[in-house]
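Peer 1: First the structure, which I've put down as structure tokens, then a few questions once you've had a look.
Every read-out reported here was derived from the displayed coordinates using simple, explicitly stated rules and does not represent laboratory data. Keep in mind that this is a model prediction, so the values were computed, not measured. With ideal geometry, Cβ positions are generated from the backbone for all residues, glycine too; neighbour counts draw on all protein chains shown.
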Amino acid sequence: MTGLYRRDFIEMPELPEVETTLRGIEPSLLHQEVRKIVVRNASLRWPVPDEVNRAAGTTVSRCWRRAKYLLIEMEGAKGGLLIHLGMSGSLRICAVDDEPQKHDHVDIVLDNGQCIRFNDPRRFGVFTWWDQPADQNPLLRNLGPEPLSDKFSGNHLRSRSRGRKGAVKNFIMDGKIVVGVGNIYASEALFMAGIHPSRPAGRISAARYDALCCAIRDVLERAIRRGGTTLRDFHGSDGNPGYFAQELLVYGRESLPCFRCGTGIRKKVIGQRSSFFCPACQR
Ligand SMILES: [Zn+2]
């Protein structure tokens, strides 16, 4: 930790890490034939089902992300592989005959001799098969808009917040409202927009929700850009998930001076999560 910014490793993969993972593995997966799926340890958050073997002998037609889920679609199949990195998961690209390391639970073995390896020390991750269209999948169908899409706007936040008395921080962290705004990013975006994290969601003006929407996009886009330039190489076997080092404005900076006004940053537990804010700049 330096005197100014707290440079820290994010505690678990958030939307920017998942987006960067997608961009890292997609070129190696797309249009490749899957030879087989190797499951060394099936006891993840949910048991890895036998259905994942349906991927064998098929060709990857599309890789995409919805919230923090990675979806790998197979040509001719209705569904595909669905992966969630949980609290500590990561994917890396290696050669099929590279020696598996500790916590390397599942491999997607490709016909070209490469392999996408899923590592997850805490095993809260998900590696499963989905066979409905994505919009009918129970894990995906009730999710709010993607924060970087056109469907997300200040107007959306304002209209969904009317009549809500709960704290705005919990509101923007609710995946039914908008996906991918984790605890750290919520604190940072609220600081940037000058909104107190405990303010009732229903009592925020349209203009302030516009500012909050911009702040959420900005903080996520910056993290993705940073990931694109500083994240580990997806090729190799360093076994380090390498979540982003962030320069944080308020998160983790309790008692340190606010960058805008010098007032001491405060910490408060809201919805069972630590929230950091400037009592002078945020109201
Ligand atoms: Zn301040």
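Peer 1: Hey, any idea what Rg/Rh is for the range 60-150, computing Rh the Kirkwood way over Cα pairs? Working shown, then result.
Peer 2: Working: Rg = 14.2 Å, Rh = 14.3 Å.
Rounded to two decimals, Rg/Rh equals 0.99.
Peer 1: Continuing with the same structure: Using a Gaussian network model of the chain whose springs link C-alpha atoms within less than 10 Å, name the residue from Lys102, Lys68, Lys176 with the highest mean-square fluctuation.
Peer 2: So, out of Lys102, Lys68, Lys176, the one fluctuating most is Lys102.
Peer 1: How big is the C-alpha Rg of the range 5-159 next to the rule-of-thumb value 2.2 N^0.38 Å, as a ratio?
Peer 2: On the way: Rg = 16.1 Å, N = 155, 2.2 N^0.38 = 15.0 Å.
Relative to the 2.2 N^0.38 Å estimate, the range 5-159 comes out at 1.07.
Peer 1: Return the calculated 222 nm mean residue ellipticity for the chain, to the nearest 500 deg cm²/dmol, obtained by summing -39500 (n - 2.57) across DSSP H runs with n ≥ 4 and dividing by the residue count.
Peer 2: Working: 5 runs with 64 residues, N = 283.
Result for the chain: -7000 deg cm²/dmol, rounded to the nearest 500.
Peer 1: Given points 7 Å out from each Cα along the Cα-Cβ axis, report the Lys267 to Trp46 separation in nanometres with one decimal.
Peer 2: With each label point 7 Å from Cα toward Cβ, the separation is 3.5 nm.
Peer 1: Right, here's the next one. Starting from the Cα of Ala56, step 7 Å along the direction of its Cβ; do the same at Ala77; then give the gap between the two resulting points in nm.
Peer 2: So the two model labels end up 1.2 nm from each other.
Peer 1: Taking the alpha-carbon set of the range 50-109, what are its Rg and Dmax in Å?
Peer 2: For the range 50-109, the Cα-based Rg and Dmax read 12.5, 34 Å.
Peer 1: For a distance above 34 Å, tell me the whole-number percent of Cα pairs in the chain that qualify.
Peer 2: On the way: 10116 of 39903 pairs.
The proportion of pairs with Cα distances above 34 Å equals 25 percent.
Peer 1: Summing +1 for each Lys or Arg and -1 for each Asp or Glu, what net charge is found among the other residues whose Cβ lies under 13 Å from the Cβ of Thr263? Numbers along the way, then the final one.
Peer 2: Working: positive: Arg253, Arg260, Arg266, Arg283; negative: Glu254.
Spelling it out: positives minus negatives among the neighbours equals +3.
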